[in-house]
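J.: Dumping the structure here so I can ask a few things about it.
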Amino acid sequence: MQINPDRDVVLDRVLNAPPSLVWRCWTEPELFCQWYGPQPGSIVGARMDLRSGGQFWFAMAGPDGQSFPNEGCFLEVVPEQKLVFTDLMTADYAPVAEVNPEFGPAFTVVLTFVPEGDGTRYRAIARHRSAAEAKLNNDMGFAENWAKVAENLNDFLAKLGG
């Protein structure tokens, strides 16, 4: 995949668990809810229809009890290797009516899980529609937040015995 440094934000880490376990943490709602999301908030529910065109949905709860639902569409699902999704569409590739500016710009995510030693080379690429949207997302703390999410995932994997 060709990376556009103006529009794409890339996170690349080695996680201390095999791809099969990293995959499960991303695709099983009961696991996903336990590690994903910024602190001190939490994920209070998730649904995932793991197929191209399938819906993903999760709700974040802020520390003040406010709920933030997130919905999107899986574009590509390659078990234990690759997961591609976007919040520019909902189930069955239906375009979203509008992007909620509270959450920042919409984007497409390409996650890859590649065996590396005893762990996984975990790569997350957030592809934005424009350089301006990528900059806005980064100004809102996107890169730092996704790095923290990767730390949360690695810590959670350790608890699972990964």
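J.: Using each residue's phi in the stretch 39-44, evaluate 6.51 cos²θ - 1.76 cosθ + 1.60 at θ = phi - 60° and report the 3J(HN,Hα) Karplus result to the nearest Hz, with x for Gly and Pro.
T.: 8, x, x, 8, 9, 9
J.: Classify the stretch 8-160: rounded, prolate or oblate, from the alpha-carbon gyration tensor (a ≥ b ≥ c, eigenvalue square roots; a/c under 1.5 rounded; otherwise prolate if a/b is larger than b/c)?
T.: Cα axes put the stretch 8-160 in the rounded bin.
J.: A further question on this structure: Treat the count of other C-beta atoms within 10 Å as a stand-in for reagent exposure and order 7, 47 from fewest to most.
T.: Result, fewest neighbours first: 47, 7.
J.: Another one. Once label points are set 7 Å from the Cα along Cα→Cβ at both residue 138 and residue 116, what is their separation, rounded to one decimal in nm?
T.: If labels sit at residue 138 and residue 116, their model points lie 2.1 nm apart.
Only the coordinates and a few stated rules stand behind these numbers; no lab work does. These numbers were taken from a predicted model, which means no experiment stands behind them. For neighbour counting, all protein chains shown are included, and Cβ atoms are generated from backbone atoms with ideal geometry for every residue, glycine included.
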